[in-house]
Amino acid sequence: LNTVLDVRRLEVGRMELDLVPISIADLLEHALEPMKALIQHNKQILRRWIGENLPVVAGDPRLLQRVVENFLGNAIKFASLEGELEVGAYYNADTGCVRVWVGDNGPGVPEVLRERIFEKYSQAPGEERRGTGLGLAFCNLVIAAHNGRIGMDDRPGEGSIFWFDLPAQAKDEETPHAK
């Protein structure tokens, strides 16, 4: 129910963001912590690729952590037992953004779903329902509210990588006011 309400608030621009400087490395560690037991239970291998000296981003840590947790939760669900997961972040000087990604070695996203994966209620046809179909729509809206970009790179039969880019905050730049 909270996700339904949050999606609606984000859609109509009524979600207040608590924008503060965020360390992406810390954000990833906080998002990984509650997932470690499930990853271990599934005997999955987690690889981390976190760039050094990442600049901070201005963001709402609670909402951005939920985005990373959603990506991780999906990766854990769709990766095979004893499969591989990867989490990473790096700074792209060309775009001025920090990219965060989560990948898995699952079946990938069916072609019929790729264009609408971030829309509400999108789920793979013919498969048992694995949630509300709102998780990635929520992620899309949160990243848009942060003036970022979100996407997915599919590797059919080898898994998927879900990512988002957030503008890096210059060292002398003040955190923008919440919307």
Are any residues in segment 91-110 open to solvent by 10 Å² or more (accessible area, probe 1.4 Å) and in a loop (DSSP other than H, G, I, E, B), and if so, which ones?
-> Ala93, Asp94, Thr95, Gly96, Asn105, Pro107, Gly108, Val109, Pro110
Restricting the first residue to segment 46-57 and requiring it to be hydroxyl-bearing (Ser, Thr, Tyr), which pairs with a second residue that is open to solvent by 100 Å² or more (accessible area, probe 1.4 Å) and part of a loop (DSSP other than H, G, I, E, B) meet a Cβ separation below 7 Å and a spacing of at least six or different chains?
-> none
Any residue in segment 140-159 that's within 25 Å of Asn105 (Cα to Cα): show its pairings with residues that are among the acidic types (Asp, Glu) and open to solvent by less than 70 Å² (accessible area, probe 1.4 Å) at Cβ separation under 6 Å, as long as the two are six or more apart or on different chains.
-> Arg149/Asp165; Gly159/Asp104
Six or more apart or on different chains, Cβ under 8 Å: which pairs go from a residue in segment 17-45 that's surrounded by 16 or more Cβ atoms within 10 Å (Cβ to Cβ) to one that's of a type in the set (Ser, Thr, Tyr)? Could you list them?
-> Leu19/Thr175
Restricting attention to segment 7-40, which residues are among the charged types (D, E, K, R) and under 16 Å from the mean Cα position of the chain (by Cα)?
-> Asp26, Glu29, Glu33
Consider only pairs whose beta carbons are under 7 Å apart and that are at least six residues apart or on different chains; among these, list those whose first residue lies in segment 88-99 and is under 10 Å from Ile50 (Cα atoms) and touching a residue at least 40 places away in the same chain (Cβ under 8 Å) and whose second residue is assigned to a loop (DSSP other than H, G, I, E, B) and of a type in the set (A, V, I, L, M).
-> Ala89/Leu54; Tyr91/Leu54
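Which of the residues that make up segment 25-74 are part of a helix (DSSP H, G or I), among the hydrophobic types (A, V, I, L, M, F, W, C) and over 24 Å from Leu134 (Cβ atoms)?
Pass one, segment 25-74, residues part of a helix (DSSP H, G or I): 25-41, 61-74.
Still in the list and also among the hydrophobic types (A, V, I, L, M, F, W, C): 25, 27-28, 31-32, 35, 37-39, 63-64, 67-68, 71-72.
If the condition is that a residue be part of a helix (DSSP H, G or I), among the hydrophobic types (A, V, I, L, M, F, W, C) and over 24 Å from Leu134 (Cβ atoms), then Ala25, Ala37 are the ones that fit.
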Kindly indicate which of Gly13, Gly51 is surrounded by fewer than 18 Cβ atoms within 10 Å (Cβ to Cβ) and closer than 17 Å to Val102 by Cα.
-> Gly51
Select from segment 60-90 the residues that are of a type in the set (Lys, Arg) and either open to solvent by less than 50 Å² (accessible area, probe 1.4 Å) or farther than 17 Å from Leu38 by Cα (or both) and list them in ascending order.
-> Arg62
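The values are calculated or read from the model by the stated rules, or taken from the named source; none is laboratory data. Note that this is a predicted model, so its numbers are computed, not measured. As a convention, Cβ positions derive from the backbone with ideal geometry for all residues, glycine included, and neighbour counts pool all protein chains shown. Side chains are part of the model used for accessible areas, which takes the heavy atoms of the whole protein and leaves out ligands, DNA and RNA. Shrake-Rupley method; radii C 1.70, N 1.55, O 1.52, S 1.80 Å.
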